[in-house]
Amino acid sequence: MTEQAPIVIVGTGLSGYSLARELRKQDKDTPIVMVTADDGVSYSKPMLSTGFTKDKDADGLAQASPDAMAEQLNLELRTHTTVTGIDVDGHTLLLGDERLAYHKLVLAWGADVIRLGLDGDGQERVFSINDLMDYRAFRKALANGRRIAIMGAGLIGCEFANDLRNGDYSVDVIAPSDAVMPGLLPDVAAHAVQRELENLGVRFHLETVVERLDRHGNGVRLNLANGDTVDADLVISAVGLRPRIGLAQGAGLATGRGITVNRALETSAPDVYALGDCAEVDGHVLLYVLPLMACARALAKTLTGERAEVSYGAMPVMIKTPCCPTAVCPPPAGADGDWEVERDGTSVKALFRNPQSEVLGFALTGRFAVEKQALSREVPPIHG
Ligand SMILES: Cc1cc2nc3c(=O)[nH]c(=O)nc-3n(C[C@H](O)[C@H](O)[C@H](O)COP(=O)(O)OP(=O)(O)OC[C@H]3O[C@@H](n4cnc5c(N)ncnc54)[C@H](O)[C@@H]3O)c2cc1C
């Protein structure tokens, strides 16, 4: 019975679809079933923060319908179907009252947005944008507003700030850190990006947080801990993501910050694998596209009979702030070394060198951003 069961992939984000594509390169016929809680439309999530810059709404960002994907990949696709549990001993997925047998199971079900529990009656104006359906709802709500407040000054908050200014919206960014993109950019590069976003008209309220959010006139008023207020029509919450581990924990799978997998993407349960935003791969939680693509390639090999381990090369991230093009490849956490900085206005080249003078990471802004590829070749791969 289990022998004939399909490979089941849960999730149709970039991880799920990339894996299905890689699988079909190796094997045209093995039965595959994809299950997703959303509408199954194929899209590139990083493009969500470029809608105004590229003049595309949610429909414009959609790449293929679920039917087209199912046909192209020769698989069965079940949309609007939420997995509610996993019976690892029975090799069965629970979909509410229904049970779906699997031969191999791949969890590619992403990460949840962190939601702040704020006081006040203005919560219905708060949007988190973590998929195309969220983006569609946000763009619809935008029809009634010009003033946007963004909570969070990380990569996603800064990208939306730039994009919304490109769409001529008024933008305020509120964040507890003293610089943008803390943990991702060294201060010198962060200040350059902030300066250019300010030149574009973004107002920053750093080292403070939103304490209350109340209806006010046609919009909302945000009361900040530093005593300031910000009036807005809509609020984007971009305060972080947390890998989805609840259902995996419920099924007895080992979890840490994400679903624990080794370099072969194997969880602690037989025939169950994980990749993408939900996975902690050999201790690394990397919520970016390049790592998930590398995982998809390795896992496709394993699932077609040739066990393979993922190897991560240098994985630079391009930050989509066109007012200040930025590329970053953070050094490994806790690495020994120092930043060596070359600066020309808001163009910054910061290289993280270890005591042997090897480059372990970099941050490039402005005119230096084009050096990304050459520098990526110098940075050693990520080891465990
Ligand atoms: C605005 C924005 C900009 C970004 N920009 C960049 C960038 O420039 N570069 C970069 O490298 N990364 C970027 N990222 C991160 C990158 O997009 C993500 O790491 C990646 O898309 C995650 O893909 P995923 O398939 O793992 O998860 P997701 O895309 O979240 O997919 C999860 C899937 O699982 C399904 N699912 C969840 N729970 C269940 C359930 N219980 N049952 C059934 N289905 C379920 C969902 O419906 C969905 O189909 C950005 C992210 C955002 C939000």
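Readers should treat all values here as calculations from the given coordinates under stated rules, not as data from a laboratory. Since the model is a prediction, treat every value here as computed from it, not as a measurement. Every residue, glycine among them, receives a Cβ derived from its backbone with ideal geometry; neighbour counts consider all protein chains shown.
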Restricting things to alpha carbons, find the Rg to Rh ratio for region 9-111 using the Kirkwood radius for Rh.
1.01
1/(1 + (r/R0)^6) with r = Cβ-Cβ of Ser44 and Ala308, R0 = 30 Å, i.e. FRET efficiency to nearest 0.05, evaluates to 0.75
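How large, in Å, is the chain by the Kirkwood hydrodynamic radius built from its alpha-carbon pairs? Kindly include the intermediate steps, with their values, before the conclusion.
Working: mean 1/r = 0.0451 Å⁻¹.
Kirkwood hydrodynamic radius for the chain: 22.2 Å.
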For the ranges 303-311, 149-157, 332-340, what's the packing order if you count other beta-carbon atoms within 10 Å of each residue, average per peptide, and put the highest first?
149-157, 303-311, 332-340
Please get the size of the charge dipole for region 61-142, origin at its Cα centre, with Cβ charges of +1 on Lys and Arg and -1 on Asp and Glu, quoted in debye to the nearest 20.
280 debye
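Is there a quick way to get the dipole size of the chain? I mean about its Cα centre, with the Cβ of Lys and Arg at +1 and of Asp and Glu at -1; what is the value in debye to the nearest 20?
580 debye
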Quick one: dipole size for region 115-237, taken about the Cα centre, charges +1 on Lys/Arg Cβ and -1 on Asp/Glu Cβ, in debye to the nearest 20.
400 debye
Give me the log10 of I(q) over I(0) for region 115-237 at q = 0.12, 0.13, 0.22 Å⁻¹, as the Debye formula computes it from C-alpha points; what are the numbers?
-0.40, -0.47, -1.36
Sticking to Cα atoms, compute the Rg of region 249-384 to one decimal and its Dmax as the biggest Cα-Cα distance, whole number, in Å.
17.3, 55
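Just need the relative contact order of region 52-199 here, percent rounded to a whole number, with Cα pairs under 8 Å and 6+ apart.
After rounding, I find 17 percent.
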Flagged links, alpha-carbon separation over 30 Å, of Lys104/Lys140; Lys56/Lys372; Lys25/Lys45; Lys104/Lys372; Lys28/Lys54; Lys140/Lys301
Lys104/Lys140; Lys104/Lys372; Lys28/Lys54; Lys140/Lys301
When the helix-only estimate is applied to the chain (DSSP H runs of n ≥ 4, each -39,500 (n - 2.57), divided by the residue count), what is the mean residue ellipticity at 222 nm, nearest 500 deg cm²/dmol?
-6500 deg cm²/dmol
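What does the net charge come to around Gly60 if you take all other residues with beta carbon closer than 15 Å to its beta carbon, with K and R at +1 and D and E at -1?
Overall, the nearby charge balance is +2.
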Of the listed peptides 46-53, 196-203, what is their order by residue-averaged count of other C-beta atoms within 10 Å, with the highest listed first?
46-53, 196-203
Rh (Kirkwood; distinct C-alpha pairs) - region 325-378, Å:
11.1 Å
DSSP beta bridge pairing in the chain, given as percent antiparallel to the nearest 5
60 percent
Peptides ranked, highest mean first, by Cβ atoms within 10 Å: ranges 231-240, 69-78
231-240, 69-78
